[in-house]
1. Can you grab the distance from the C-alpha centre of region 2-53 to the C-alpha centre of region 242-279, Å, no decimals?
2. Quick one: helix 98-118 against the long Cα principal axis of the chain, what's the angle to the nearest 10°, folded into 0 to 90?
3. Using amide H atoms built 1.01 Å from N in the peptide plane, name the residues 5+ places from R238, or on other chains, whose amide H lies under 5 Å from its own.
4. Which of the lysines could a cross-linker bridge to K362, judged by Cα under 30 Å and excluding same-chain residues fewer than eight apart?
5. Using only Cα atoms, find the angle between the long axis of helix 374-391 and the longest principal axis of the chain, and express it within 0 to 90 degrees, rounded to the nearest 10.
6. Between their Cα atoms, which of K43/K82; K195/K274; K135/K318 are more than 29 Å away from each other?
7. For a 21 Å ceiling on Cα separation, which of these pairs sit above it: K209/K282; K242/K265; K152/K360?
8. I need the phi-derived Karplus couplings for region 331-339: 6.51 cos²θ - 1.76 cosθ + 1.60, θ = phi - 60°, integer Hz, Gly and Pro marked x.
Amino acid sequence: MYKLVVVAGKLRGKEFSLEDGENILGRDSGCDVHFPVQGVSKKHMSITVTGDTCYVQDLGSSNGTFLNGKIVNRATAKNGDKIALPDTIIQVVHVEEKKVIIKKRKIEEEEEEDDFLTGGIPPEALPQKLKWLFKYKAMPILHGINEEYEWKHLFPMLLFLFCVASITSTILPVLDDTKQILLYETSKRAESYAKQVARMNNKALVQKKLDQTDTKFIKDEDGVKDYRLMDFAGRVVRPLEKRNEYVNDPFYVQSREYYSFEKNKLRVFRRFLKEGGIGIAKLITAFNPQTSNEEPVGIIAIKFDPAALKAEAANQRKAYMEALVTTVLVAMVFFGIVYYLTLRPIEEMKYQIEEAIRGKRKSLDSKYLMEELNPLRGSINTILQRMRELNNEDEGEFAEEENDQGYVDTLKEFMMGANGAAMVLDSQKKCVFYE
């Protein structure tokens, strides 16, 4: 773009910006460039801007238009040319589009900042993409927490969560397997009770007379908390004190519903009870001589409260807490090692920076291998170098001492040709020649 700068005359110092296309300059207030100076015509001249080219044309003014001292009707004006009008000299100035460059640079800086924060475009390869997702999608959550908590507090919290997650994912499956083994053994025990009921009451069961069955031995068995012998409608047959009631306990109801499906007839129904203990249910069958088949006649559901289950639960809690405490103690030692191992190179860098500021060190280096700090160390070394350049600090301890042997030899030769006594001292004020 172009502009006009008044360098002499009544409006000296005033600037007029020119738009692309034709710009009319004159004394008339309706002109694009209003120039209220005596002697300038109402529409004195036009200045047409086309890209980087500027054209000046006189519009039949009374006093004419002069470009670089020559009267012109139409001419091309370049940067720095001077236009003379009555009592005024105007300079044509070409202005580069600095705003566009600044804007572009600002956009690039914003894009670089966005790439630093968001990671830019994710890579195509799967391993690099997984790393990118972890760094720029998952880690910002922890970065946000780090804005609220110091690293020395955040690190142990994360380490503790890691210990809990690790112990939970490794110990609990093992403990759960132990519970499943106990459940299986208890179900085998319940099956034996069901077979014993069928064997002791075979005649009554063949006639489907559940009311005549004898199940007293079950109540007396060790570990049995409660039981129900019921028909498929849920009517209780045994124990006698519950006879002809309909089951409403959740476990007994689930047992009856479980065996309402044909596919479950040969299976054992097993559950860990909410109130503690184990619930086992099994069909009671009897051999029918007429069909030569085992036919279901009822359901036996038993609640067990074995001492082994309580002991196992106590052992599980104890084993979990022991593993957790041991892991946390090891993690505390691990935290100290990792924390101070990480902190040492940073403290070394801080110490070296203070030395460089006091002028005792020229640049930072490290004997510890931690390549993640190399970019930071390089940036600090660049800053220190620029500070020395600005402050002319290349003199003194870090400046290379100039070898003065050549000067000393020249002086020796010169003094040897002189008449009279002579002495030559080097830059350290040591006598190297006398005569």
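1. 102
2. 20
3. Long-range HN contacts for R238: L229.
4. K350, K429, K430
5. 20
6. The answer is K135/K318.
7. Exceeds cut-off: K242/K265; K152/K360.
8. Values, residue by residue: 5, 5, 5, 4, 4, x, 5, 5, 4 Hz.
The values are calculated or read from the model by the stated rules, or taken from the named source; none is laboratory data. Keep in mind that this is a model prediction, so the values were computed, not measured. Note: areas computed on protein heavy atoms with side chains; ligands, DNA, RNA excluded. Shrake-Rupley method; radii C 1.70, N 1.55, O 1.52, S 1.80 Å.
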